Structures are given as C-alpha cells and as structure tokens.
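To keep things clear, I will list the structure first and then write my remarks on it.
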Amino acid sequence: MKITLAGLLFIFTTQLSAQHSLVFPEPSNVEQTTDKFVFNGRLTVDRTKIPEDLFPYLQQLFGRQSIHLEPAASKDASIHLQQIQTFVYSEGYQLEVTNSGIDIKYSSYQSLCNAFQTLNQLIQNPKELAGIHISDQPAYAYRGVHLDCSRHYFTILELRKFIDQMAKLKFNRFHWHLTDDQGWRIEIKKYPKLTSVGAWRDSTLIGHFSKQPAEWDRSKYGGYYTQEEAKDLVAYARIRGIEIIPEIEMPGHASAAIAAYPELSCTEKQIPVVGTWGVFDDVFCSQEKTRSFLKDVLDEIIEIFPSKVIHIGGDECPKVNWEKCPKCQSIMEQNNLKTSHELQSFFIRDIEKHVNAKGRTIIGWDEILEGGLAPNAQVMSWQGMEGGIAAAKLKHQVVMTPTSYCYFDYYQSGHPSEPLAIGGYLPLEKVYQFDPVKGLEDEYKRYILGAQANLWTEYLPNIQAVEYNAFPRLVAMAEILWNKGKVPYADFVEALSGNYLQQLRNDGVRFSTSFLDPKLEIRPNQTGVNYGLIKPVEDVVFSVNNEIVTGISIERTDQVREQRYLIHSNIGDQELRVCDYTFISHLALGKPVSFATKPHEKYDHNGSLGLTDGVVGKKPWKGNEWLGFNNDTVQFTLDLEALTSFGKLQIETLNDPGSWIYRPERFVIQLSKDGKKFKTAKKSNLNGDLILLTKKMKARYIKVTIFNKELIPQGQTGAGFTPWTFINEIILTK
Ligand code: TNX
C-alpha cells in the first residue's frame, strides 16, 4: 500500500484553532493530546539512521535547550525514526509525542531537518513533552533570505549565526549577494585583483544618500571570502537544510570588478571601488572579452557552489556607455539587435548557454525580461509582482520578492528612534499580509516557486543592524512561506511576543520590538484630540511616569505648545522599548481637513486629521508622519468649525530628491467664512521649506493650493516622473 502524506493527514483530526502553537512557522496540522512523555533531559535516537554530519548539529541544537541527544540502539531510542519513501511532499514530515516517546516519519534529509526543528521548538522544559500529533508540509518550495555582503561585509562566523536562525524558521535558500559596486567579496583564483583591489574601498558615505552635502568616512573598508571559506559555509548551510545560491552581478553593479580590471568596461577608464550608494554608469562591456571573463568567474563559482541555480544579477544596468561604445554597437549590428535592452538580453542568453552547459540554471532580477527572456531562466521579481507574473505566463519559474513586502531594508516602524534606513515602510503586519501568488490565474500559480526576503545593506553597517532589520520580520515571512499565514495576525503576534522573542533572546539575536509599540488612535473632541493607546497584544501594559495609561489628551491652544510623553511598555517584567512622542498643540488641532487631491494611500495617516493631529513630521523623513501626494498640484480645505481669528499659518514641506520628493514651487491660500465664497489671502513662491502666511485674519475655512513642477527635470533623480509633494502639520496660531 502506498502511504502518502495527504492520506495520512486524513487520519488526524485537524484542529483549526485560531491560536498559534509553540512552533514557528506554524505546522499545517496540529492536534494536542493528553499524553505526556517524560524524558528528564535526555533524548536518544538511533544515530545510524541520521546522516553523519547532521547528528552533531542536532546535538548542539538540543544542547542549547539543555537536552542531551545521545545515540542508542533503535529499539531503545526515545525518538523513533521511520523513513517513508512515498511521501508526496519532499519536505513534509510527521511527528507524534505519546506517553512512550517521539515518532518521526520523514522522507528526505530536508524533511528530517524540519521534523527536528519542530521538535526542538516544542520542548518548553528539559524534562517532559506534552502529547501532540503534527503532520506538516510547506506551502512553497523556495523559502529564501537574501543578504547583501557587498555594501557591507559580514564575517563567516556572523553568517553562520544568521544561517542558524534561518534554519530554525525552515527557510531553505540563502541568496548570497557577493558582488556589487561597493566590493567584490569572493576569491576568484584566475583573477586575483578582484579581491586584492575590488574588495576594498577607500571611503564610505555617512548618513543617508540624499543628505547634502555628503559626508565621508575615509577609512579603508572591505573584506572577502576565500573559496575554502565559501565551501565551508555551503557545507554548514547544507547540514541545516539550506542551499546557498551565489549571485555574481552582471552587466550592471560592476564598479568593483571594473576597478580591479578596467578593461572590462566600455571606456576602460580606471575607476575606484564605489563608496556611495545607487546605480552607476560603468558596467561590464558587452564585448566577447568581458563575457569570457564572466564565464571564467562563473566556472569557479560553479565549482564552489553546488546549487542548481546560479544568480547572475541583471538589475539596474544603465546603457549609456553601451550606446556610445563601438564594440557594443558592432555586436548589435552583427546580431541584428535593435535596442540596448536586446543587447542586455543577448548578453544574458550567452551567459545562460554557458551555465546551462554545466548543468546549471540561471536566475536573474526581473530586468532580464526587458529585451526578451533567456530560454531557461528563472526570474526574481523585485520591482513589483508584475515581472514575476509576466514570467510565469511565459512558463518560467519565479521567485517573488517585491519591494513592498520583501525589502527588509525598509523602515519597520515610523517611530523617531528607528535607526536610519533606506526609506520605505514595511511593518511586520504588512509582511504577514504578503501573498506571493496574488493576481495570478490558477494555471500559472505553479510557476511561483516561492518568495524571498531581501536584506540590502547600504544602511546596515554591521550584523546587529542586519538582525534588527531581519527579526521578527523573517518570522512573519517564514509563516507566509510555510503556511500562508493561516493564523490570524493577532494570534501570531501574541505567540511571537510570548514565545519566539525569548528564543531570539536566548540565541543572542538582536530584534526589533517595534510591533509591540502602542498604536496611537486619534479621536477628536471638543477641546483637542485624545490619542487612544491600542495594545498590539493582550499582555502589554503602557505607562507614563510610572502610571498606567490607556490614552493621552492634548488640548488646543492659540500658541504652539509642545508636549512630550515617554511611553514605557512592559510585558510582565520584560521591558520593551520606550516610545518618545512629542505632540504640538495649536489652533487647528483636531479640526477636519477635506482633500480635493487625496494623499497617496501609502502616506495617508490619520485621514482627514492627518494635517491637524499634533504630530509634526521629522527629518530625515522615515516614510510616515508626513502626508505625501503624487500630484503636481495639491489642494485641501481646513474647516475650523467656527469663525476663528489667527495671525500665522505655517506648513512645512519636504525636499528629498533621492526619494523623488521635491519641494513645491508656489502656493495660494484662500479664506472663507461660509465655505462658498473664498478670498485670496496670499499667493507666493516658496521661500525655503515653508508655506507661510503671517497676517491678522479671521475665517472658518482655509483653502490651500500647492503647485509643484509638472515633471521632475532631466538630470535629477526620477527625471520625467511626477514629483512627490510632502507636507507637514498645518500649524495655526494667534
Ligand atoms: C535595488 S533590488 C537594488 C539594490 C539596492 C536596493 C535597495 C535590486 C535588484 N537592486 O541594488 O540595494 O534596491 O533597496
């Protein structure tokens, strides 16, 4: 008789409890029983059934829980292993805890690893285990995490610790971003200068890319991994059920390689290894000589990394040099290529042929779709889901990694104490809402192998910063990829705060508790506003000056008054981070605004009170607090709800060209008593950042119209697109 996992699932009654179990990610089927297995700190297993190098790892894993895992004869072992060849799911397993021991049924190395990870998390004390039946399998085959080791370098020891954490969450792919403009990080024996020159930069930008004037750290920075070290890491990850996929970027993001070998570019100009962030025009020339170099590099990479798939980059490649380069132009002519995108496609196809001949497959960022996809390529969709959807419809395999859900270099909270990040906003809750197959017709869903979280490290200078950005968002990603986030978010965070954070603490992993910050819910009232402090989990308690609080009231005033609150959060005796909020009160506090042009949904906090909520957006902008509009004209009307005298109106605007946010050019302010007839009070160009009106006036309605440039001018970031307009609180005073 053939036993399939699906068949066995039937035997268990699935208990669809809303709560999360002790295991992260939540297993697909869990049933608690009244059994109890007492083992007193010692578990035994027939080690001949466990692959040789897995056993020491498991001993170490259980050792951290103060459990001795020891070998025993099969009949005496407390963990009984049974390999079932016919499981339909290669990573699925079953685990039962009964009065007499632990039974594990598995099919493959992966599935055995997964079963032991689950067992490890089930153990809450080193003496006994509660009875349980688990039958489990992942929703997606590709469950990845990417780490950029070019922008910043992390030691092998740091990477090992990171991989340990991935294994706990049942991730199975580590995408190792090894080359970029800012450093080449892998030893290539045939081209030693890639690391002797390309792994080192003279200076590194301090602060955000958009900060002017730029500031530099002038110390030499770099490092690289020898082939031996890389092979060791491959083995280390393999033992933990994780495959490493190396990435060698081409044709763009190539400055570090070109700094080592200038002849690889079109201009052959000597350039330095770059110390700032962005996209650079010096890319690999498309000529044969450069492609041969890359094939040599890939030959060595293939020797180090046994992964079926090799990542060849393909993103963000400016074509300006190709367009001026006689060698590139002649390739286009000879091959009848009409556009530079087609030339990039020609380049990638040639590389693909070489990689395929060695029995491997290429994967590339979604730009490899642009001039026509290479025949067997897989696509990593980052600019959105669209690239991935298009590739799936062409029947190519896809890994989803859209910025909006998967870019863990984005801010995870809008709190002012957040460390500097690239921008964007991706809180834990949003990660948990990710659906990698959204928008895809059923027949194409099978081309979506899974998804991946990306940790780009421009703003993550050390491993602690990486961990802080990774956790707990990676836990949410693991839930999505393993079980599609089937447990409601509220139950997930309840379990996360009650259980998994403790595991991270024990492992010495830095993590963010931003998801446990109080959520402020604004409620306008007669005298101003009240902010309700919403609890993200049941057990959290908020206090100000040692007094428990559930809300904060701010009263309207006719002069600006600042009020600062330090909100302490506790779960039991565990102190979480302190949230430091400053509110300002003024005459318009809590008064409604109606928008003729709506703020963009991403930057629309507090709805009609967004401009009068007493929250002043800070600089640098972190993707919240400010209201953002993607229109060249912005118009709204403030209703003071009664005729009001005032002497000064002020609205601050933002200028952050790196994020396509440009300061508006001019504005008009109109006043009205009845909301029908408006009179212009001021019409002016912007002086500095402020929209300002200083004049004794009386009105009930204030209409503000703000004009930005229609399009971002050539030569500036985002050229040709509509600029973003960002505005701050309307501050109205006597
Ligand atoms: C875009 S995603 C990039 C990276 C940056 C990242 C920052 C991709 C394929 N390219 O070079 O580090 O944005 O979020």
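The values are calculated or read from the model by the stated rules, or taken from the named source; none is laboratory data. These figures come from a predicted structure and were not determined experimentally. Neighbour counts are summed over all protein chains in view; Cβ atoms, including those assigned to glycine, are modelled from backbone coordinates with ideal geometry. What goes into the accessible areas is simple: the full protein's heavy atoms, side chains included, and nothing from ligands, DNA or RNA. Shrake-Rupley method; radii C 1.70, N 1.55, O 1.52, S 1.80 Å.
Brief remarks on what is shown
- Some residue of segment 219-226 being touching a helix residue (DSSP H, G or I) at 6+ places or on another chain (Cβ under 8 Å), among the hydroxyl-bearing types (S, T, Y) and open to solvent by 40 Å² or more (accessible area, probe 1.4 Å): yes
- Residues located in segment 355-409, provided they are assigned to a strand (DSSP E or B) and within 16 Å of the ligand (Cβ to nearest atom): I362, I363, G364, W365, Q378, V379, M380, S381, V398, V399, M400, Y407
- From the list G387, G371, the one residue that fits, being at pLDDT below 95, open to solvent by 10 Å² or more (accessible area, probe 1.4 Å) and not assigned by TED's automatic domain parsing to the domain that holds K602, is G371.
- Taking the numbered list (1) under 23 Å from A495 (Cα atoms); (2) open to solvent by less than 10 Å² (accessible area, probe 1.4 Å); (3) in contact with a strand residue (DSSP E or B) (Cβ under 8 Å, 6 or more places away or on another chain) in turn, H133 passes all entries but (2).
- Listed by first and then second residue, the pairs with beta-carbon distance under 6 Å, at least 6 apart or on different chains, first residue in segment 548-563 and in contact (Cβ under 8 Å) with a residue 40 or more places away in the chain, second buried (at least 16 other Cβ atoms within 10 Å of the Cβ) and polar (S, T, N, Q), are I554/S585; Q559/T733; V560/T733.
- Of all the listed residues (S413, S417), the sole one being open to solvent by 20 Å² or more (accessible area, probe 1.4 Å), at pLDDT below 95, closer than 20 Å to Q464 by Cα and more than 16 Å from the ligand (Cβ to nearest atom) is S417.
- K591 basic (K, R) and at pLDDT below 95: no
- Options V273, V279; residue that is surrounded by fewer than 24 Cβ atoms within 10 Å (Cβ to Cβ), hydrophobic (A, V, I, L, M, F, W, C) and either away from the ligand (no atom under 16 Å from the Cβ) or in contact (Cβ under 8 Å) with a residue 12 or more places away in the chain (or both): V279
- Cross-chain or 6+ apart pairs with Cβ under 9 Å, segment 170-188 first and in the same structural domain as A453 (by TED's automatic domain parsing) and in contact (Cβ under 8 Å) with a residue 60 or more places away in the chain, then of a type in the set (K, R) and within 13 Å of the ligand (Cβ to nearest atom): H177/R151; D180/R151; D181/R151; Q182/R151; G183/R151
- Taking the numbered list (1) charged (D, E, K, R); (2) within 21 Å of G364 (Cβ to Cβ); (3) more than 16 Å from the ligand (Cβ to nearest atom) in turn, K193 passes all entries but (2).
- Evaluation of A357 against the conditions (1) under 27 Å from the mean Cα position of the chain (by Cα); (2) more than 26 Å from W322 (Cα to Cα); (3) not polar (S, T, N, Q) shows that the sole unmet condition is (1).
- Within segment 289-302, the set of residues being touching a residue at least 24 places away in the same chain (Cβ under 8 Å) and either open to solvent by 10 Å² or more (accessible area, probe 1.4 Å) or out of contact with any strand residue (DSSP E or B) (no Cβ under 7 Å at 6 or more places or on another chain) (or both) comprises K289, R291, F293, K295, D296, D299, E300, I302.
- Restricting attention to segment 143-162, the residues that are away from the ligand (no atom under 14 Å from the Cβ), surrounded by fewer than 24 Cβ atoms within 10 Å (Cβ to Cβ) and either within 18 Å of T290 (Cα to Cα) or of a type outside the set (S, T, N, Q) (or both) total 9.
- Matching strands (runs of 3 or more DSSP E) fully within segment 541-654 where at least 1 residues are open to solvent by 20 Å² or more (accessible area, probe 1.4 Å): 551-555, 561-571, 579-585, 593-595, 633-653
- Residue within segment 21-34 that is under 22 Å from E479 (Cα atoms), of a type in the set (S, T, Y) and touching a strand residue (DSSP E or B) at 6+ places or on another chain (Cβ under 9 Å) present: yes
- Residue match in segment 97-120 (condition: in a loop (DSSP other than H, G, I, E, B), among the polar types (S, T, N, Q), closer than 30 Å to K486 by Cβ and touching an Asp or Glu at 6+ places or on another chain (Cβ under 6 Å)): yes
- Search result, residues across segment 232-247 that are hydrophobic (A, V, I, L, M, F, W, C) and in a loop (DSSP other than H, G, I, E, B): I242
- Test: residue in segment 517-527 that is surrounded by 15 or more Cβ atoms within 10 Å (Cβ to Cβ), in contact with a strand residue (DSSP E or B) (Cβ under 6 Å, 6 or more places away or on another chain) and assigned to a strand (DSSP E or B): yes
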